[in-house]
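Read through the structure below, which is laid out as structure tokens, and then see the notes.
The values are calculated or read from the model by the stated rules, or taken from the named source; none is laboratory data. Remember, it's a predicted structure, so these values are computed and weren't measured experimentally. Note that each Cβ is placed from the backbone with ideal geometry, even for glycine, and that neighbours are counted across all protein chains shown. Side chains included, ligands, DNA and RNA excluded: accessible areas come from the protein's heavy atoms. Shrake-Rupley method; radii C 1.70, N 1.55, O 1.52, S 1.80 Å.
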Amino acid sequence: MQIFEFFKAILLGIIEGITEWLPVSSTGHMILFDSFWSMDPVYYRGKSAFIDLFLVVIQLGAILAVIVLYRHKLNPFSRRKTPQQKKSTWDLWLKVFIGSIPCGIVGVLFEKKIKSYLFNAQVVAAMLILYGILFIVIENMRKKSRFSSTDVLPYQTALYIGLFECLSLVPGTSRSGATILGAVLLGCARPAAAEFSFFLAIPAMIVASLKDILDYFQAWGFGFSSMEAGILLTGMAVAFIVSIFAVKSLMKFVRRHDFKPFGWYRIALGAVVVILSFTPILKVGV
């Protein structure tokens with residue numbers, strides 16, 4: 001029934017809204033959901049291609065939440081800002097642009113190979129566990145932070161964080177997990193690491209979504225069916241609402257706590273994926 005597809009879109013929007021910003025891998029959670037209750041391609045003009053598109057495009061809802069929450073910080077034209085504050089905002093966008101370059105280049109060059117060879121449950125489980133361990137180890141070794149906010153983050157450090165973002169192209173790593181881990185290693189305070197991770201996601205998700213939409217239109221014709229449009233808007237709206245709370249909660253959490261709980265959670269989730277990968281329940285392909 002079509003009504004169940006909308007219910008699935010709501011659940012996937014919730015999963016996306018939470019896991020996109022927490023360093024726990026949205027891909028790992030999507031795999032588990034898809035294994036137990038996958039979307040039915042029979043309802044969509046583009047069949048399974050639309051479902052793949054949906055899982056990317058709902059990220060736009062999550063991105064909109066960050067833009068809304070940080071609209072003043074990200075707006076270089078705000079009349080409430082002094083000339084110096086406007087300059088700092090332009091500097092922030094330049095850092096985001098610099099940090100986005102490495103992942104953009106690597107993604108374009110190796111996207112097809114990554115999807116062909118690395119999108120499987122075993123890789124996801126391995127990355128979940130590996131980065132879970134790294135979060136715990138790095139927090140135990142962590143020294144005093146050098147960069148308390150994104151305003152004082154050097155351009156060179158922004159580029160290095162962008163290099164860490166390349167690791168997120170491997171499924172199960174988590175884009176936010178890779179960038180936050182890299183930022184902490186490079187001396188960022190936890191709130192600054194989380195914030196810069198949010199900002200780096202803006203160009204990455206917008207470009208990825210637009211690319212997939214254009215590819216979809218090229219293969220299946222311009223536009224969406226009423227069913228497809230409804231599913232997309234539902235997933236994006238839910239991801240937006242949930243992301244508002246997820247981003248606020250994460251920022252509140254990291255001001256008082258470290259990232260170890262996310263490390264332990266990743267290890268536990270990875271173990272679940274490993275166990276289920278030996279059963280007919282979990283699909284091997286991602």
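For every residue, the table says whether it meets (1) closer than 18 Å to Glu20 by Cβ; (2) modelled with pLDDT of 95 or more.
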{"residue": "Ala208", "(1), (2)": "yes, no"}
{"residue": "Asp215", "(1), (2)": "no, no"}
{"residue": "Gln218", "(1), (2)": "no, no"}
{"residue": "Phe224", "(1), (2)": "no, no"}
{"residue": "Ile241", "(1), (2)": "yes, yes"}
{"residue": "Val254", "(1), (2)": "yes, no"}
{"residue": "Phe259", "(1), (2)": "yes, no"}
{"residue": "Gly270", "(1), (2)": "no, no"}
{"residue": "Leu282", "(1), (2)": "no, no"}
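Is at least one residue of the range 83-94 closer than 28 Å to Phe262 by Cβ, out of contact with any Asp or Glu (no Cβ under 9 Å at 6 or more places or on another chain), crowded, with 16+ Cβ neighbours inside 10 Å and not basic (Lys, Arg)? No, there is no match, as no residue in the range 83-94 is closer than 28 Å to Phe262 by Cβ, out of contact with any Asp or Glu (no Cβ under 9 Å at 6 or more places or on another chain), crowded, with 16+ Cβ neighbours inside 10 Å and not basic (Lys, Arg). When you scan the range 103-118, do you find a residue that is closer than 27 Å to Trp90 by Cβ, open to solvent by less than 50 Å² (accessible area, probe 1.4 Å) and among the aliphatic types (A, V, I, L, M), even just one? Looking through the range 103-118, at least one residue is closer than 27 Å to Trp90 by Cβ, open to solvent by less than 50 Å² (accessible area, probe 1.4 Å) and among the aliphatic types (A, V, I, L, M). Counting the residues of the range 235-250 that are of a type in the set (Gly, Ala, Ser) and open to solvent by 30 Å² or more (accessible area, probe 1.4 Å) gives 2. In the range 35-54, the residues that are over 12 Å from Trp220 (Cα atoms) form Cβ pairs under 9 Å with partners that are of a type in the set (Phe, Trp, Tyr) and surrounded by fewer than 16 Cβ atoms within 10 Å (Cβ to Cβ), at six or more places apart or across chains, as follows: Trp37/Phe4; Asp40/Phe4.
Give me a count of the residues in the range 100-147 that are in a helix (DSSP H, G or I), out of contact with any Ser or Thr (no Cβ under 8 Å at 6 or more places or on another chain) and of a type in the set (Gly, Ala, Ser). Before you say what the answer is, go through the steps one by one.
At the first step, the residues of the range 100-147 found to be in a helix (DSSP H, G or I) are 100-117, 121-141.
Filter once more, so that each one left must be out of contact with any Ser or Thr (no Cβ under 8 Å at 6 or more places or on another chain): 100-102, 104-117, 123, 126, 129-130, 132-141.
Subsequent filtering for residues that are of a type in the set (Gly, Ala, Ser) retains 100, 104, 107, 116, 126, 132.
Looking only at that region, the number is 6.
Report the residue count in the range 162-208 for those that are in a loop (DSSP other than H, G, I, E, B), closer than 24 Å to Ala125 by Cα and open to solvent by less than 20 Å² (accessible area, probe 1.4 Å). Residues meeting the conditions: 4.
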